[in-house]
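**Q** Below you will find the structure I want to go over with you.
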Amino acid sequence: MRRGVHVVTLLVAASAVTAILAGKANDVRKDAFRLLNEGVAAYNRADYRSAIVPLQKAAAISLNSFAAHHYLGLALAGDRRYAEAVEAYKIALDLDPDHLQANIAIGDAWLAQGDTDEAQPYYVKAGKLRPEYAAALDGLARVAEAQAEEDKAIALYERALASDKGFAPAYTHLGDLYLRAGKFDDAVKLLVEAVSVRPDFGPGLDRLAAAYGKLGFSNEAVSTIRKAIELEPADPEHRVTLGQVLLEMGVVAGAEASFQAAIAIDSAHPAARGGLAEIARRRGDYDAAVQQIDIALADTRLDRRGRDDLTKQRAAIAAERDRGASLEALIAAGSATPADRAALSRLEAEKGRFDRAAELLTAAAPEGPDRERLSFYLFRAGRFREAHELYAELAHAERRADLEVNDGASLARLGDDAKAKEAFERALAIDPAQPLAKLYIGNVLLRMGDAAGAATTYRAFLAAYPTGASAEQVRRVLSELTPSATP
């Protein structure tokens, strides 16, 4: 009887231990599930750094969880830790070799590191798993683009869009290709389409803002990138783009604040540090500029292309610093030649200091091409009366359409539209195909209240020059003047 009691006691104890272990296992599963959800939520709001730790913990608990390893790779890639992302993706693909998105993701991570040979097989595999798969074609297009095969890349992007007209990344990547190539009207059309098919697509909004900035549509650029920031406040890329747009607009304080906001998210972001370096360079603070570059270069996450770009920027800053210091010393010592003053003038102009650039070049007693450069510096410095006088003198001495156009632009800035129109007409008398003269006459007519004449002139301009940044600007103005008649 005692033995029976003892056996029953042991069985009860064993059952209790089993229950405890089962309870702990259940708790562990709950923790893993909670951590996975926490990480995925952070990833979805582009807060990649916050996503990494919970996803690492989830992957460590659930070694066989495809989702944990896959999302960990995505979060690491979002934080520019591409080599680590590749390792996470490899584990995910061991668990599910034929997962389409995982094959695309690991290809993207290799491509971000500049390794097209490693990236391409994953896109090819995804394409075999699902023929004409848009994401695979888009990946192969980016490989071709990285290998400088632009025509092949365009054809592949177009195949991706033909396969899936709702695939926003392909619109964005092809639009970005056109943007870099200077095909602004084509770029804008594609990028508008990207955010039309997916209004919440942050990268599409980002690149559309950049395109608007290149076209001079400042208000549209700023409002568009602010939408991207609102959607993805933890993504530093959008704040970098805002900084670049503002810097192109000449809003230096706003650009600096935006670059600093990007750095608050990613302390070594290469484009943000590069933007701050450019601002410091323009201020003549070369040591601060170099320091910004060095912080970015010290980041172990930096990819090869980014490192090359920053290294070139650093070398250019250092060379400009040394050359500028040498020329300033010659001027201070009173031994500078006119050529020295002209050289320092060019350096000052490159920093956007057009007033001093004009003063230095004036002191150098410019002749020939340098007189044209001086007139340009005066114009950029806002000294339009002096610019007009010099352009008029140059145009009188040498019958050239471009000089008349520049004189007209100076007169327009002085508010003398009637005389500006005469200058543009003189330019067309010299060269009937002069594009800027045609465009500026339309602008003058519009300011003078002749909307019908302006519309006619703009249509003639578009008939002769249907592509390019100016064409896209004209279409925008013409659509407001005559919405139903826009080409």
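**Q** Could you tell me whether the range 226-243 includes any residue that is touching a residue at least 40 places away in the same chain (Cβ under 8 Å), farther than 20 Å from residue 193 by Cα, crowded, with 22+ Cβ neighbours inside 10 Å and not charged (D, E, K, R)?
**A** Checked the range 226-243: no residue is touching a residue at least 40 places away in the same chain (Cβ under 8 Å), farther than 20 Å from residue 193 by Cα, crowded, with 22+ Cβ neighbours inside 10 Å and not charged (D, E, K, R).
**Q** Which residue is surrounded by the fewest Cβ atoms within 10 Å (Cβ to Cβ), if the candidates are limited to the range 103-130 and must be small (Gly, Ala, Ser) and more than 21 Å from residue 301 (Cα to Cα)?
**A** Among residues in the range 103-130 that are small (Gly, Ala, Ser) and more than 21 Å from residue 301 (Cα to Cα), the one surrounded by the fewest Cβ atoms within 10 Å (Cβ to Cβ) is 127.
**Q** Limited to the range 268-300, what total is found for residues that are over 21 Å from residue 323 (Cα atoms), in contact (Cβ under 8 Å) with a residue 12 or more places away in the chain and not in a helix (DSSP H, G or I)?
**A** Total satisfying the criteria: 4.
**Q** Sticking with this one: For residue 454, only one of the following conditions fails: (1) surrounded by 14 or more Cβ atoms within 10 Å (Cβ to Cβ); (2) more than 33 Å from the chain's Cα centre (by Cα); (3) modelled with pLDDT of 95 or more. What is its number?
**A** For residue 454, the failing item is (3).
**Q** Looking at the structure I just gave you, is residue 114 over 28 Å from residue 227 (Cα atoms) and touching a residue at least 60 places away in the same chain (Cβ under 8 Å)? Explain how you work it out, then say what you get.
**A** Numbers: over 28 Å from residue 227 (Cα atoms): yes; touching a residue at least 60 places away in the same chain (Cβ under 8 Å): yes.
The answer is yes for residue 114.
A quick yes/no check of all residues on (1) closer than 29 Å to residue 474 by Cβ; (2) at pLDDT below 95; (3) assigned to a helix (DSSP H, G or I); (4) among the aliphatic types (A, V, I, L, M):
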residue	(1), (2), (3), (4)
214	yes, yes, yes, no
219	yes, yes, yes, no
240	no, no, yes, yes
243	yes, no, yes, no
253	no, no, yes, yes
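**Q** Looking at the range 404-440 only, could you name the residues that are of a type in the set (Val, Ile, Thr) and surrounded by fewer than 22 Cβ atoms within 10 Å (Cβ to Cβ)?
**A** Going residue by residue through the range 404-440, those that are of a type in the set (Val, Ile, Thr) are 405, 430.
430 - this is the single residue of the range 404-440 that is of a type in the set (Val, Ile, Thr) and surrounded by fewer than 22 Cβ atoms within 10 Å (Cβ to Cβ).
**Q** Would a scan of the range 361-368 turn up a residue that is in contact (Cβ under 8 Å) with a residue 60 or more places away in the chain and closer than 30 Å to residue 322 by Cα?
**A** no
**Q** Spot the failing condition for residue 184; the list is (1) modelled with pLDDT under 95; (2) buried (at least 21 other Cβ atoms within 10 Å of the Cβ); (3) under 25 Å from residue 308 (Cβ atoms), and only one is missed.
**A** (3)
**Q** Same structure, new question: Taking the residues in the range 457-473 that are surrounded by 14 or more Cβ atoms within 10 Å (Cβ to Cβ), of a type in the set (Ser, Thr, Tyr) and under 27 Å from the mean Cα position of the chain (by Cα) as candidates, determine which candidate is nearest to residue 179 (Cα to Cα).
**A** 470
**Q** Sort out which residues of the range 340-390 are among the hydroxyl-bearing types (Ser, Thr, Tyr) and either surrounded by fewer than 21 Cβ atoms within 10 Å (Cβ to Cβ) or at pLDDT below 95 (or both), and write them in order of number.
**A** Listed by number, the list holds a single entry, 362.
**Q** Something else about it: Kindly list the number of the only condition in (1) under 15 Å from the mean Cα position of the chain (by Cα); (2) over 16 Å from residue 242 (Cβ atoms); (3) in a helix (DSSP H, G or I) that fails for residue 203.
**A** Only one criterion in (1) under 15 Å from the mean Cα position of the chain (by Cα); (2) over 16 Å from residue 242 (Cβ atoms); (3) in a helix (DSSP H, G or I) is unmet by residue 203, namely (2).
**Q** Report whether or not residue 64 is among the polar types (S, T, N, Q), at pLDDT below 95 and either surrounded by fewer than 23 Cβ atoms within 10 Å (Cβ to Cβ) or assigned to a helix (DSSP H, G or I) (or both).
**A** Values: among the polar types (S, T, N, Q): yes; at pLDDT below 95: yes; either surrounded by fewer than 23 Cβ atoms within 10 Å (Cβ to Cβ) or assigned to a helix (DSSP H, G or I) (or both): yes.
So residue 64 fits the description; yes.
**Q** Mind listing just one residue for me: the one in the range 42-61 that is closer than 23 Å to residue 100 by Cβ and of a type in the set (A, V, I, L, M, F, W, C) and, of those, surrounded by the most Cβ atoms within 10 Å (Cβ to Cβ)?
**A** 55
**Q** Looking only at the range 319-330, count how many residues are surrounded by fewer than 17 Cβ atoms within 10 Å (Cβ to Cβ) and in contact (Cβ under 8 Å) with a residue 24 or more places away in the chain.
**A** So the first thing to find is which residues in the range 319-330 are surrounded by fewer than 17 Cβ atoms within 10 Å (Cβ to Cβ), and the list is 319, 322-323, 325-326, 328-330.
From the residues that got through so far, the ones that are in contact (Cβ under 8 Å) with a residue 24 or more places away in the chain too are 323.
Total satisfying the criteria: 1.
**Q** Touching a residue at least 12 places away in the same chain (Cβ under 8 Å), over 12 Å from the mean Cα position of the chain (by Cα) and either crowded, with 24+ Cβ neighbours inside 10 Å or over 23 Å from residue 137 (Cβ atoms) (or both): which single residue out of 194, 209 fits that description?
**A** Result: 194 is the single residue among 194, 209 that is touching a residue at least 12 places away in the same chain (Cβ under 8 Å), over 12 Å from the mean Cα position of the chain (by Cα) and either crowded, with 24+ Cβ neighbours inside 10 Å or over 23 Å from residue 137 (Cβ atoms) (or both).
**Q** Can you work out which of the residues in the range 120-178 that are part of a loop (DSSP other than H, G, I, E, B) and among the basic types (Lys, Arg) is nearest to the chain's Cα centre (by Cα)?
**A** Per the criteria, the residue is 165.
**Q** Quick one: would you say residue 69 is modelled with pLDDT of 95 or more and on the phi < 0 side of the Ramachandran plot?
**A** Taking the combined requirement at face value, the residue satisfies it.
**Q** Would you pick out the residues in the range 312-343 that are of a type in the set (S, T, N, Q) and either assigned to a helix (DSSP H, G or I) or within 15 Å of residue 284 (Cβ to Cβ) (or both)?
**A** 313, 326, listed by residue number.
The values are calculated or read from the model by the stated rules, or taken from the named source; none is laboratory data. In this text, all values refer to a predicted model and were calculated from it rather than measured experimentally. Because the Cβ atoms are built from the backbone with ideal geometry, glycine has one as well, and the counts that use them run over all protein chains shown.
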